[in-house]
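Structure record follows, encoded as structure tokens.
Bear in mind that the values in this text are calculations on the coordinates, not laboratory data. A quick note: this is a predicted structure, and the numbers were derived from the prediction, not measured. Heads up, the Cβs are rebuilt from the backbone with ideal geometry, glycines too, and the neighbour counts pull from every protein chain shown.
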Amino acid sequence: MTIEEQLRSRLDELLVPNVVRSLQKMNLLKKIEIEGQKAVITLASTALNQGVQEWLQHKISESVKGLPGIDSVEVRYEDAKPGDLNRIKKVVAVMSGKGGVGKSLVSGLAAVAIRRSGYEVGILDADITGPSIPKMFGITERPGGSESGLLPVTSKAGIEIMSINLLLPGEDEAVIWRGPLIAKAITQFWEEVLWGTLDYLIVDLPPGTADAPLTVMQSLPITGTVIVFTPQDLTAMIVKKAVKMCQQMGKNIIGVVENMSYLYLPELKKNIEVFGKSRGEEMAQAAGAPLIASIPIDPELAKLCDQGNIERYNAPFVEILGKQIVEFG
């Protein structure tokens, strides 16, 4: 193993504060040069405040100590924009035609399933006026960062999360903004957050087909969309509008998800269709895409979300949901 390879191996064990991912996974390590017995390590300063830069410099010097052939180390910082460093392979938008159908729940479960499969995943909470992702994951700390960018907060299972609720004075603060401001915030979460290297970024869209969803569809390189609905006739009608929006904008539909599909009564060993007969196949046909999950009304799931422990939930449909997204495209 060369000296540079040994240096990279040691640096890979060093985690960036706040986001708790390695320098290499955050794409902050720009280059390593060996000048005699001196190692010169160049990092991007993106989203790193002065205190974090000094802490990293100290930790890097400590980690290099004792490495054969190296007796000193110099850490240099260069400016870079987050968008220039981010390497996101696939962007998946989760949307619906109306609110209250469980988009955020599906976004969270999809991210959990994909993460369990070993992929690097993040969630961009684009539902600016109704953000609920941080609550589901039990995240309350504020994102780190500097004038050059923001660092997402990492969940217990290693999912990167950025939400407006993490930037507000309190989680119950209302965001009373007009459409253009909301659209700008979503764009900033894409362009000014250092996501680093991700296999998947799940975007939890606000409901409807107005400014905010339009901004995401036009500004982000969407790989595919997942459309969420519930069995009611009214919801089914409105979801078809979301399907047509995707079709008109040339966005692929990965599949549809029916939430609150049924309630299982273990005593009777029977499914009760609380909100009416399933519309899964009908919606799949309208979308020209498969029904990739039917999510039941599960008190255990609701309790875990309220406790901020969505990552503890297990059910066969969760694995199937993640598998369908991963295998798409």
Pull up the DSSP beta bridges for the chain and report the antiparallel fraction as a percent, rounded to 5. 30 percent
Where labels lie 7 Å past Cα in the beta-carbon direction, separation of Asn314 and Gln218 in nm: 4.6 nm
For Lys240, which lysines qualify as cross-link partners when the Cα separation must be under 16 Å and same-chain residues fewer than eight apart are set aside? Lys98, Lys103, Lys251
Estimated dipole of the range 229-329 in Debye, rounded to 20 [Cβ of Lys and Arg +1, of Asp and Glu -1, Cα centre]: 320 debye
Between Ser278 and Gln232, what is the spin-label point distance in nm, taking each point 7 Å from the Cα along the Cα→C-beta axis? 2.1 nm
With 0.36 nm assigned to each residue of separation and the Cα-Cα distance removed, Leu67 to Glu267 gains 65.6 nm
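Strictly over 30 Å apart at the Cα level, which of Lys135/Lys323; Lys31/Lys323; Lys89/Lys303 would you flag in this model?
On the way: Lys135/Lys323 25 Å; Lys31/Lys323 36 Å; Lys89/Lys303 33 Å.
The pairs that break the limit, which is 30 Å between Cα atoms, are Lys31/Lys323; Lys89/Lys303.
Note the full-extension length gain between Glu300 and Gln24 as 0.36 nm times their separation in residues minus their Cα-Cα distance, in nm to one decimal.
95.6 nm
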Semi-axes, largest first, in whole Å: what does sqrt of 5 times each Cα gyration tensor eigenvalue give for the chain? 41, 20, 18
What is the dipole size for the chain, taken about its Cα centre, with +1 at each Lys and Arg Cβ and -1 at each Asp and Glu Cβ, in debye to the nearest 20? 720 debye
The answer for GluC sites (Glu not before Pro) in the range 234-285 that fall in a DSSP coil and have at most 16 neighbouring Cβ atoms within 10 Å is Glu267, Glu273
Projected label distance in nm at Ile32 and Lys323, using a 7 Å step from Cα toward the beta-carbon: 3.9 nm
Cα-centre dipole for the range 85-233 with unit charges at Cβ (Lys and Arg positive, Asp and Glu negative), debye to 20: 380 debye
